[in-house]
Ligand SMILES: Cc1cc2nc3c(=O)[nH]c(=O)nc-3n(C[C@H](O)[C@H](O)[C@H](O)COP(=O)(O)O)c2cc1C
């Protein structure tokens with residue numbers, strides 16, 4: 001767990017990992033550790049010439065406020081990658097604690113209805129013609145600003161053309177389970 005090597009410098013002080021001294025981190029080890037990072041849960045939606053698609057995504061981050069940019073990371077195995085790239089637009093719908101069913105449907109594991117199916121859930125149309133989750137905690141409607149392949153995933157950076165703030169507490173995902181926020185006393 002200690003990030004500093006015996007020389008007192010990260011990576012031995014020369015920016016190079018010593019592959020002999022330190023074995024690479026395996027996917028299971030990486031996933032077990034990263035799974036402890038609590039995140040919000042979003043459904044990224046897109047629509048346009050390549051069709052309508054939605055995917056549950058936790059890898060969402062703010063990039064910049066001026067200009068307003070957000071990013072999301074999508075596995076290149078997902079048909080959502082070609083859809084977002086071809087449509088040129090996407091919306092990040094940050095789900096509320098009441099929206100667990102959306103997360104399950106768009107992760108391909110619905111308790112009711114068909115996977116990745118929009119018809120079981122409530123939507124409204126956004127400014128870019130994208131399906132937006134009704135009563136979402138927050139929504140960012142985006143045009144694709146840039147994209148980059150990294151490992152197994154595509155990083156889409158979106159230029160935010162409309163942002164909406166709701167009132168509901170967000171859904172949380174941590175250690176492979178959905179959770180809710182409990183506010184500390186005194187805040
Ligand atoms: C809470 C949660 C967060 C997820 N986050 C991401 C993500 O950030 N990027 C991604 O590409 N897939 C993410 N997924 C996986 C996709 O939603 C989806 O389950 C997967 O692409 C379906 O493919 P599979 O059936 O081959 O696993 C997440 C799933 C869940 C349940």
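In the range 129-172, what count of residues is obtained for those that are within 25 Å of residue 82 (Cβ to Cβ) and either in contact with a strand residue (DSSP E or B) (Cβ under 7 Å, 6 or more places away or on another chain) or in a strand (DSSP E or B) (or both)? Reasoning before the result, please.
Residues of the range 129-172 that are within 25 Å of residue 82 (Cβ to Cβ), as a first pass: 129-133, 136, 139-162.
Imposing the further condition that a residue be either in contact with a strand residue (DSSP E or B) (Cβ under 7 Å, 6 or more places away or on another chain) or in a strand (DSSP E or B) (or both) reduces the set to 130-133, 136, 139-150, 152-162.
Residues meeting the conditions: 28.
Taking into account only those residues within the range 105-121 that are away from the ligand (no atom under 13 Å from the Cβ) and surrounded by 12 or more Cβ atoms within 10 Å (Cβ to Cβ), which is farthest from residue 167 (Cα to Cα)?
Checked the range 105-121; the qualifying residue farthest from residue 167 (Cα to Cα) is 113.
Within the range 26-55, can you find the residues that are in a loop (DSSP other than H, G, I, E, B) and either more than 8 Å from the ligand (Cβ to nearest atom) or exposed (fewer than 15 other Cβ atoms within 10 Å of the Cβ) (or both)? Steps first, answer last, please.
Filtering the range 26-55 down to residues in a loop (DSSP other than H, G, I, E, B) leaves 26, 35-38, 41, 47-52.
Scanning the range 26-55 gives 26, 35, 36, 37, 38, 47, 48, 49, 50, 51, 52.
Could you please tell me which pairs satisfy a Cβ distance under 9 Å, a separation of 6+ or placement on different chains, a first residue in the range 57-69 that is closer than 16 Å to residue 147 by Cβ and free of Cβ contacts under 8 Å to residues at least 12 places away in the same chain, and a second residue that is within 10 Å of the ligand (Cβ to nearest atom) and part of a loop (DSSP other than H, G, I, E, B)?
none
Only one residue in 58, 64 is surrounded by fewer than 16 Cβ atoms within 10 Å (Cβ to Cβ), under 19 Å from the mean Cα position of the chain (by Cα), within 30 Å of residue 163 (Cα to Cα) and at pLDDT 95 or above, so which one is that?
Numbers: 58 fails: surrounded by fewer than 16 Cβ atoms within 10 Å (Cβ to Cβ).
Sole residue among the options that is surrounded by fewer than 16 Cβ atoms within 10 Å (Cβ to Cβ), under 19 Å from the mean Cα position of the chain (by Cα), within 30 Å of residue 163 (Cα to Cα) and at pLDDT 95 or above: 64.
The values are calculated or read from the model by the stated rules, or taken from the named source; none is laboratory data. Values in this document were obtained by computation on a predicted structure and should not be read as measured data. Reconstructed Cβ throughout: ideal geometry from the backbone, glycine too, with neighbour counts over all protein chains shown.
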